[in-house]
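**Q** Here you go, one structure.
The numbers here are math on the coordinates, done by the rules we state, and not lab data. The model shown is predicted, which means the values in this text are computed figures rather than measured ones. Every residue, glycine among them, receives a Cβ derived from its backbone with ideal geometry; neighbour counts consider all protein chains shown.
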Amino acid sequence: MNPCPCGYRGSTLKACRCTPDQVARYQGKLSGPLLDRIDLHIEVPAVSAQLLLDAPPGETTDSIRGRVVQAREHAMQRQGKPNQALQGAEIDRHATLDAAALKFMHAAAERLGWSARSTHRALKVARTTADLAGASAVQAAHVAEAVQYRRALHAAE
Ligand SMILES: [Zn+2]
């Protein structure tokens, strides 16, 4: 979704002329319970066509795919299902956080006012982040990345 009705809120390309009221109404269209069910919230700033054309080539899709397939296989071997399908006690069993990661997750959940569902979803994303990094335990850095994926829209309020 766009950040506001005109699409330029927070952009350096063009000034946004939406009123705070219009922005609040627009963002309010996505209800909390619906947002809760979307695992990854990522803010993508608008870029000029020139910047896009001048950008150096990034990592290839093939190489990224390789890492994703490997992480998924890891999860399947560990628990017989992808991380996204973990439920209840399975999350506690397979997405074990070390002490620092646990502290970080508690602080984030409290500060961002997460529901139990949001927290569980973030835990599963953290498990995936750890799998992508080839780590057996979920560490604070993995939790920090997962937290970022659930805060983009809140930070824009
Ligand atoms: Zn706007």
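**Q** Pick from LEU52, LEU123, LEU112 the residue whose mean-square fluctuation is largest in a GNM of the chain, springs joining Cα atoms under 10 Å.
**A** So, out of LEU52, LEU123, LEU112, the one fluctuating most is LEU52.
**Q** Another one. In what order do ARG67, ARG17, ARG9 fall by count of nearby beta-carbon atoms within 10 Å, going from fewest to most? Spell out each step's value before the answer.
**A** Details: ARG67 14, ARG17 11, ARG9 19.
Lowest count first: ARG17, ARG67, ARG9.
**Q** If N is the number of residues in the chain, what value comes out of its Cα radius of gyration divided by 2.2 N^0.38 Å?
**A** Working: Rg = 18.1 Å, N = 157, 2.2 N^0.38 = 15.0 Å.
Cα-based Rg divided by the globular estimate yields 1.20.
**Q** Indicate the helices, whole DSSP H runs only, in the chain that combine a mean Kyte-Doolittle hydropathy of -1.0 or more with a Cα extent along their long axis of 15 angstrom or more. Write out the running numbers ahead of the final one.
**A** Values: long enough: 61-79 (27 Å, -1.17); 99-111 (18 Å, 0.32); 116-132 (24 Å, -0.47).
Length and hydropathy pass: 99-111, 116-132.
**Q** Could you name the lysines in cross-link range of LYS81, using Cα to Cα under 17 Å and dropping any fewer than eight places away on the same chain?
**A** LYS124
**Q** Under a Cβ-Cβ limit of 4.7 Å, which cysteines in the chain have nobody to pair with?
**A** Lone cysteines by the Cβ rule: CYS6, CYS16.
**Q** Over the alpha-carbon set of the range 61-148, work out the extent along each principal axis and list the three values in angstrom, largest first.
**A** Largest first, the range 61-148 extends 37, 25, 20 Å along its Cα principal axes.
**Q** OK, next. Mind checking the dipole of the chain: about its Cα centre, +1 per Lys or Arg Cβ, -1 per Asp or Glu Cβ, Debye to the nearest 20?
**A** On the way: 20 positive and 15 negative charges, 77 e Å.
Result for the chain is approximately 380 debye, rounded to the nearest 20.
**Q** Here's something else I'd like to know. How much net charge surrounds ALA95 when only the other residues with a Cβ under 14 Å from the Cβ of ALA95 are counted, with Lys and Arg +1 and Asp and Glu -1? Before the final figure, lay out the partial values.
**A** Details: positive: ARG78, LYS81, ARG93, ARG121, LYS124, ARG127; negative: ASP39, GLU90, ASP92, ASP98, ASP131, GLU145.
Here the charged neighbours net out to 0.
**Q** Going by how many other Cβ atoms sit within 10 Å of their own, how do LEU86, LEU51 line up, fewest first?
**A** Least to most surrounded, the residues fall as LEU51, LEU86.
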